[in-house]
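*Asks:* Take a look at the following structure, please.
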Amino acid sequence: MHRTPPALLPDDAHERAARDRGARFVVGLDEVGRGPWAGPVVACAARLTGDAPAGLNDSKKLTAARREALVPLLLACCDVGFGEASVEEIDTLNIRQATHLAMRRAVAALSHPPDHLLIDGNDCPAWVDCSHELLIKGDGRSLSIAAASVLAKTRRDQGMVSLAQQHPGYGWETNAGYGTRSHQDGLLKHGVTQHHRRSFAPIRKILCS
């Protein structure tokens, strides 16, 4: 009888390897919100200063309740910086450059500048001027990136819930601004708000119709 092997959790192998090479401030960097049709993109930079809480994983693999429970534990064991890029900046710069801007702001908000960055994905921002690694699916491989992933997603989700209270009818409290059926129905009924990304094709199509 074949058993499914247990899912691997992120670990601190990349952090330890960087410290072995002389790094002192190893920071994980991740972003949330590239794909939604509405709301900002949010980035988080996280440096573990203590033991990571048990069960920390890629935010997409955790329930909302579990992510929220992890937040105070992560804030207690991490040096954290957050950064955002607004809808206006997304529309002006494009989503890629706005994401890089949010990430830069997150790193700048740390109490110590990093001397080694662990960056989720395969796209290195031009402003990075320290030692770094690009880790595809890094939020499932590195504890620092996983911490940044959970904190960024929780912060952005909470922001979208707040916007949903100001603009009911789009389902942002559950879809976080992604192009779900409830969001599409809201656009047809209520139109485009100032929080929609007008440079995104679905929104531009509505404005031009």
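*Asks:* Output the direction-averaged projected area (hull surface divided by four) of the convex hull of the alpha-carbon atoms of the range 128-171, in nm². Write out the running numbers ahead of the final one.
*Replies:* Numbers: hull surface 18.6 nm².
Value for the range 128-171: 4.6 nm².
*Asks:* Calculate, for THR174 and ASP11, the FRET efficiency according to 1/(1 + (r/R0)^6) with r their C-beta to C-beta distance and R0 45 Å; round to the nearest 0.05.
*Replies:* On the way: r = 32 Å, r/R0 = 0.72.
With a Förster radius of 45 Å, E is 0.90.
*Asks:* Which FRET efficiency value, to the nearest 0.05, is calculated for SER182 and THR63 with the Förster distance at 30 angstrom and r the Cβ-Cβ distance? Provide the component values of the computation, followed by the final result.
*Replies:* Values: r = 20 Å, r/R0 = 0.67.
So, using R0 = 30 Å, E works out to roughly 0.90.
*Asks:* At 1.306 mPa s and 10 °C, plugging the Kirkwood radius over alpha-carbon pairs of the chain into Stokes-Einstein gives what diffusion coefficient in µm²/s?
*Replies:* 89
*Asks:* Let me ask something else. How compact is the range 24-142 by the rule of thumb for globular proteins, expressed as Cα Rg over 2.2 N^0.38 Å? Working shown, then result.
*Replies:* Values: Rg = 13.9 Å, N = 119, 2.2 N^0.38 = 13.5 Å.
Rounded to two decimals, the normalised Rg is 1.03.
*Asks:* Counting only heavy atoms of the protein chains, get the accessible area per residue of the range 86-191 (1.4 Å probe) and round it to a whole Å² value.
*Replies:* Numbers: 5010 Å² over 106 residues.
Normalised by residue count, the accessible surface of the range 86-191 is 47 Å².
*Asks:* Hey, got a sec? Which chymotrypsin sites (Phe, Trp or Tyr not before Pro) in the range 122-209 land in a DSSP loop and have at most 11 other Cβ atoms within 10 Å?
*Replies:* Numbers: sites: TRP127, TYR170, TRP172, TYR178, PHE200; in loops: TRP127, TYR170, TYR178, PHE200.
Passing sites in the range 122-209 are TRP127.
*Asks:* Could you grab the Rg to Rh ratio for the range 34-73? Cα atoms only, Kirkwood for Rh.
*Replies:* Working: Rg = 12.4 Å, Rh = 12.3 Å.
On the Cα set of the range 34-73, Rg over Rh gives 1.01.
*Asks:* Right, next: Using a cut-off of under 13 Å, list every residue of the range 18-59 whose amide N is near the label point 7 Å from the Cα of ILE206 along the Cα-to-beta-carbon line.
*Replies:* 37-39
*Asks:* Still on this structure, please answer the following. Select from the chain the helices, each a whole stretch of DSSP H, whose alpha-carbon atoms run 15 Å or more along the helix axis and whose Kyte-Doolittle mean is at least 0.5; answer none if there are none.
*Replies:* Numbers: long enough: 64-77 (20 Å, 1.07); 95-108 (20 Å, 0.05); 143-166 (35 Å, 0.20).
Going by DSSP H runs, the hits are 64-77.
*Asks:* Something else: Could you work out what % of the accessible surface of the range 84-174 is carbon and sulfur, using a 1.4 angstrom probe and leaving DNA, RNA and ligands out of the count? Walk me through the numbers on the way to the answer.
*Replies:* Values: 2040 of 4100 Å².
Exposed carbon and sulfur together represent 50 percent of the surface.
*Asks:* Additional query: Need the full-extension length gain, HIS112 to ASP20, defined as separation in residues times 0.36 nm minus the C-alpha distance. One decimal, nm.
*Replies:* Numbers: separation 92, 0.36 × 92 = 33.12 nm, distance 1.90 nm.
Stretched out fully, the HIS112 to ASP20 stretch lengthens by 31.2 nm.
*Asks:* Here is a further query. Grab the other residues whose beta carbon is less than 15 angstrom from that of ASP123, score K and R as +1, D and E as -1, and report the net.
*Replies:* Details: positive: ARG34, ARG96, ARG104, LYS137; negative: ASP30, GLU31, ASP120, GLU133, ASP139.
Around ASP123, the charge tally is -1.
*Asks:* Hey, another quick one. What length, rounded to one decimal in nm, is gained on full extension from SER162 through to LYS137, with 0.36 nm per residue of separation minus their alpha-carbon distance?
*Replies:* Numbers: separation 25, 0.36 × 25 = 9.00 nm, distance 2.90 nm.
Extra length available between SER162 and LYS137 comes to 6.1 nm.
The values are calculated or read from the model by the stated rules, or taken from the named source; none is laboratory data. Small disclaimer: the values here were computed from a predicted structure and weren't measured. Here Cβ is always computed from backbone atoms with ideal geometry, including for glycine, and neighbour counts include all displayed protein chains. These area figures cover heavy atoms from the full protein model, side chains too; ligands, DNA and RNA do not enter into them. Shrake-Rupley method; radii C 1.70, N 1.55, O 1.52, S 1.80 Å.
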